[in-house]
Structures are given as structure tokens and as C-alpha cells.
1. Once neighbouring chains are kept in place and the probe is 1.4 Å, which whole percent of the accessible area of the protein assembly as shown is contributed by carbon and sulfur?
2. To the nearest 20 debye, what is the magnitude of the charge dipole of segment B:122-258 about its Cα centre, counting +1 on the Cβ of each Lys and Arg and -1 on the Cβ of each Asp and Glu?
3. Taking a 1.4 Å probe, which of A:Ser43, B:Ser236 shows the most accessible area, and what order do the others take after it?
4. Throw me the Rg/Rh for segment B:321-401, computed over C-alpha atoms with Kirkwood Rh, two decimals.
5. Test of understanding: in a Gaussian network model of chain A with alpha carbons linked when under 10 Å, which of A:Ala27, A:Ala40, A:Ala82 would top the mean-square fluctuation ranking?
6. Based on C-alpha coordinates, I'd like the Rg and Dmax of the protein assembly as shown, in Å.
7. Mind computing the radius of gyration and Dmax over the alpha-carbon atoms of segment B:140-207? Å is fine for both.
8. On a 0 to 90 degree scale, rounded to 10, what angle separates helix B:334-357 from the longest Cα axis of chain B?
Amino acid sequence: MSEDRLPLLRRITRKEHAAIAFTLDGAPCEGRAGDTLLSAILSRSDSLRRTEFSGEPRAGFCQMGACQDCWVMTETGERLRACTTPLQPGMRIVTMTGKAA
Amino acid sequence: MSTRPQPLVVGAGPAGIRAAEALVAGGLRPLVVDEAPACGGQIYRQRLVPDGRSTRDLYGSEVGKADRLHAAFAAFEGKIDYWPQALLWNLRDGVADIVVAGATRRVSYDGLVLATGATDRVLPVPGWTLPGVFTLGGSQVALKAQGCAIGSRVVFAGSGPLLYLVAWQYMKAGVEVAAVLDAAPASAKLHLIKALPLDPGIVLRGTRFVAELRLRGVAIRTGIEGLRFEGEGRVSGVAWREGGRERRLACDGVGYGLALRSETQLADLAGCAFRFDERDRAWLPLRDAAGRSSVAGVYLAGDGAGIAGADAAERAGERVALALLEDRGLAFDKARAAGLEAELARIARLRDALEAAFPFPAHWAAAIDDATTLCRCEEVTAGTVREAASRFDIGEINRLKAVSRVGMGRCQGRMCAAASAEVLAAATGKPIEAAGRLRAQAPVKPIPLALQLAAEPAKLPEAAE
Ligand code: FES
């Protein structure tokens with residue numbers, strides 16, 4: 001599960017910025033004002049999704065909207081590109097979806 | 001003001017900003033569309049919120065250029081139309097489809113400036129899809145725009161000026177840089193002597209980065225081969241060969257890239273003719289010295305038209321705007337146009353020297369292991385590509401796509417097309433240009449399905465108000 005894995009990203013700035021609450025794989029989570037969805041998730045966890053074919057974990061690559069490797073799902077099935085989507089309060093994100101997603 | 005539709009500028013990086021500025025000065029009111037929430041492009045990208053760092057902290061020696069560009073853009077207030085966070089996803093004959101604020105809008109334009117920029121060029125190596133491996137550009141975005149490091153002990157690998165710049169920026173930010181692994185042999189850097197008279201600042205800055213990295217004990221290895229990233233579920237180390245010896249380092253983050261590649265999809269949709277560029281090893285849209293494409297009214301500027309860097313992008317952006325003004329029969333400064341072209345020619349010579357100093361390791365393509373993923377989206381391996389190439393006697397990349405799915409995924413080949421062409425060329429023994437280029441398709445990037453469907457009927461409102 002996401003909470004017992006070390007995060008991929010390490011915050012250097014904005015550590016004391018206002019907290020933004022969201023849900024990650026069903027668990028309450030906090031990002032910081034100014035976060036993209038990618039930064040918020042990877043400051044807590046170490047992957048964004050699993051691939052459709054092999055099911056291997058992915059965590060983005062280009063961070064500039066080009067590689068399309070960072071798409072995550074909301075609980076309602078909407079797809080969001082994490083690196084270009086600002087974190088919004090109350091987002092409910094699922095990263096544990098496997099091949100079936 | 002004329003009653004003709006407004007010019008459309010795609011991209012608000014250095015090229016797009018200077019293009020818009022010259023169009024405004026020439027009496028036009030352009031529409032500027034950009035995917036980012038704020039202007040600056042990738043190189044002068046701005047943070048989403050202030051974070052206690054100054055712009056000098058963010059842009060270093062380039063702070064003056066960044067500040068001037070951001071200020072120039074702020075001064076457009078009321079003089080241009082600006083759609084940030086907007087994706088131009090389709091183009092044909094003076095009409096563009098743009099997703100903005102949750103809806104797709106159809107816009108008529110008269111004069112199109114494509115300033116679409118670039119992303120990292122990569123060749124696949126084992127482990128390049130592991131979480132924790134990012135492009136060099138992505139590593140820089142994390143640090144600059146988000147104030148996050150990609151790890152606590154980081155390795156930077158590949159080639160190109162960005163390799164040393166990003167490593168230095170991480171070191172300055174207090175992150176442990178375990179090593180810089182340069183694909184180029186140490187002797188390649190001798191070519192910087194040719195670059196010195198063309199732009200002493202750039203060469204001296206690079207030299208300083210290397211000296212400071214060494215001083216702080218960062219290992220800098222050159223001429224590396226057999227690069228691979230290791231780890232279970234996330235990256236935990238890097239391995240490579242050097243002078244025939246195997247080497248290995250533990251790390252929890254990797255920045256990787258082999259210089260840059262141009263974003264040319266929109267030029268393709270606009271119908272521009274392409275030519276093969278030896279230096280960039282890529283098919284690029286044809287343009288004259290002013291930046292006119294092969295299609296009347298379509299202009300190309302910045303790294304999206306061929307890699308030349310941010311300083312060239314500013315000049316090319318202004319130059320194409322002058323060409324657009326001229327082609328619309330408006331007054332423009334001829335002497336200024338000639339001066340910009342002379343500067344662009346000087347920078348082109350500089351790029352030749354830099355390319356020799358940071359050469360692309362084309363020979364890596366033949367060495368990519370068959371089991372290595374080549375296409376990240378569709379998870380096609382290098383072996384599958386080679387097998388398809390030999391079984392169906394394929395030497396061209398669009399045919400390869402049809403039989404192997406390589407380049408068919410969501411990124412439209414942005415991350416794999418250059419590598420596929422290299423692998424194909426290595427497998428067939430033909431020159432790289434024979435592999436051709438992937439044809440672009442609308443939408444050039446994924447857009448929400450609901451919007452896509454809404455856009456299908458031809459009954460959308462004309463948005464060129
Ligand atoms: S990380 Fe590449 S598109 Fe988001």
C-alpha cells in the first residue's frame with residue numbers, strides 16, 4: 001500500500017505551505033499549496049499507476065505533459081494527467097488500479 | 001485594425017513571447033495559446049505559487065532573460081488574447097481546435113506561429129521505465145517549478161548541456177549528487193574551443209558547473225557504455241561500463257536524457273514539408289532564414305523547429321513575427337530582421353560546436369537489449385521491433401507502427417519515435433533518414449473523450465471574436 005512505501009520525491013520548498021486534503025487509494029492524504037497532482041502523490045508514495053499490459057508501476061517521466069506516463073484515475077473513473085493538473089482539495093485519486101483499469 | 005482573423009501563436013516560451021511582442025508592435029492582436037498555466041515555456045517556467053525562492057535562485061545566470069521575458073508578457077495585458085492551460089489539438093486550413101477551460105473551441109486564424117518547444121530525447125536503456133527515473137527536463141521541472149528533488153541521492157546520466165546544468169542545480173539545492181555519467185568521451189569536450197569565440201558565456205558557465213561539481217566531490221564519468229537502471233518496483237541503482245569495467249552505484253533517483261527533440265506534430269498537421277536534419281538526427285519542418293514554412297502563413301520558431309536553445313528562440317520568435325507582418329503587407333523593420341538573421345546564423349554555428357561536444361550516442365541503439373521496453377505506452381520491446389522489421393522487411397517507421405504498435409500509444413511517439421528510428425536504422429543497416437518520421441494525428445495529445453465527441457459534429461461556434 002502507498003503508506004508503507006517511501007515517497008519518490010523529497011520536498012525542498014513549500015514544506016509549510018497550506019495543506020490541501022485529498023484521498024489517495026482510499027486513505028486521507030495531504031499535499032501543499034502549489035502542488036501538482038504528481039508532486040502531491042509522489043511526495044507520499046512511489047508510483048502513480050500500473051501499466052495496462054504488464055502491470056508494472058509507473059511514476060511519470062517527463063513532468064511536462066509530453067510522455068503521458070502519469071495519468072491517474074479518480075474514484076469516479078475520470079482520467080487526469082498528474083504532472084499538469086494542479087492539486088485540488090477533495091480529489092479522490094486511485095493509483096492501485098492494475099491491468100483491469 | 002483589419003477585419004482579417006487574428007494571428008495565432010502556439011506556445012508562450014521565449015519564441016512565442018517575442019513573436020507576440022513583435023506582432024503587437026506591428027499593430028496586430030494575436031491569440032496566444034499555451035499548455036502551461038503561466039508563460040515562460042520549459043526553460044523559464046514559473047512556479048504555481050511563491051515558495052520563498054527568488055527568481056535568481058530559480059533561473060541562476062539566466063535570471064535577467066527570464067525576468068525580461070515575464071515582464072514583456074505581463075505588458076501584453078489588453079493587447080493580446082491569451083489562453084493558458086489550453087491544448088491546441090487539431091489544425092487545418094486556418095482553423096484550430098483548442099481545448100480550454102473544459103470545452104473545445106474552434107478558432108479561425110490568419111497567420112500561425114508555431115513555437116511548440118522541445119522535450120528530452122532519449123534512447124531506451126534497461127530500467128528506464130522504473131519509478132524514480134525521470135528525464136533531465138523532468139528532474140529540472142520537479143526542482144524548479146515544484147521545489148521537489150527526485151530523490152535523496154541522485155544520479156544524472158546521458159548527454160547534452162542539460163546534463164551538467166541539472167546536476168549542478170541539484171547540488172546547489174543541497175541534494176546529494178552521486179554521479180554524473182556522460183555518454184560522450186572526455187575528448188569530445190575539446191570541441192568547446194570552437195564554441196568559445198561564438199558564445200564565451202555559455203562555455204565558461206558550463207566549465208564552471210563541471211569544476212564546482214568536481215570540487216564538491218561529485219564523480220564525473222565520461223564515455224560510459226551499457227547504461228542501465230536497476231531496482232524492484234523503483235530505481236535503486238545505476239550500472240554502466242567504463243573502459244571495459246563494470247561499475248555500479250546505489251541511488252534513489254535518476255535524471256536521464258540525450259539532449260532535446262523538437263515537438264513537430266502541429267507543423268505536420270498544418271501541412272508543412274519536412275527535411276532531414278543531420279545535426280538533430282531528426283525530420284524537421286522546412287523553413288527559410290526568416291522562419292517561413294513551406295505553407296503560406298505558417299511560421300516556425302524556437303526549439304520546436306530545430307534545437308537551437310532559448311537565446312535563438314527569442315530571436316527566431318521576433319523574426320517570424322516580422323515575416324508575418326511583411327506577408328500581411330504591414331510595416332516592419334527590415335534592418336532589424338537582417339540583424340536577427342545574422343545572430344541566428346551565429347547561434348547555429350555555436351550549436352554545431354555544442355553538438356560535437358555533447359554528441360548523441362547513436363551506437364547505443366544497436367546495443368539495446370531485445371528485452372528492453374522501447375515504447376513506454378504500448379510496452380513494445382526492442383526485440384519486437386527488430387523482429388517485425390526483419391519478418392516484414394520493414395525499414396520505415398509508419399509501417400513499423402502498423403505492425404508493432406510502437407508509437408501508437410498516448411504519447412504519439414514523443415518518447416519512442418527517435419529511438420525506434422535509430423533501432424530500425426541499426427537493424428536494417430540503412431541511414432537513419434530512411435526510417436522516415438511518424439505522421440502526426442489529431443488529437444496531438446489526449447483530450448477528454450467527452451470533449452472529443454462533442455467536437456465531432458461540424459456545428460461548433462466560431463470562436464474568433
Ligand atoms: S510525466 Fe510525462 S506527461 Fe506527465
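The values are calculated or read from the model by the stated rules, or taken from the named source; none is laboratory data. The shown structure was predicted, so the numbers you read here are calculated from the model rather than taken from an experiment. Every residue, glycine as well, gets a Cβ built from its backbone with ideal geometry; the counts of neighbours run over all protein chains shown. Note: accessible area is taken over every heavy atom of the protein model, side chains too, but ligands, DNA and RNA are not part of it. Shrake-Rupley method; radii C 1.70, N 1.55, O 1.52, S 1.80 Å.
1. Values: 12220 of 22380 Å².
Whole-percent figure for carbon plus sulfur exposure: 55.
2. 300 debye
3. On the way: A:Ser43 20, B:Ser236 65 Å².
Descending order: B:Ser236, A:Ser43.
4. For segment B:321-401, the value is 1.29.
5. In the Gaussian network model the winner is A:Ala27.
6. Answer for the protein assembly as shown, Rg first and Dmax second: 22.6, 69 Å.
7. Rg, Dmax (Cα atoms, Å): 13.5, 38.
8. Taking the Cα atoms of chain B, the angle to B:334-357 is about 10 degrees.
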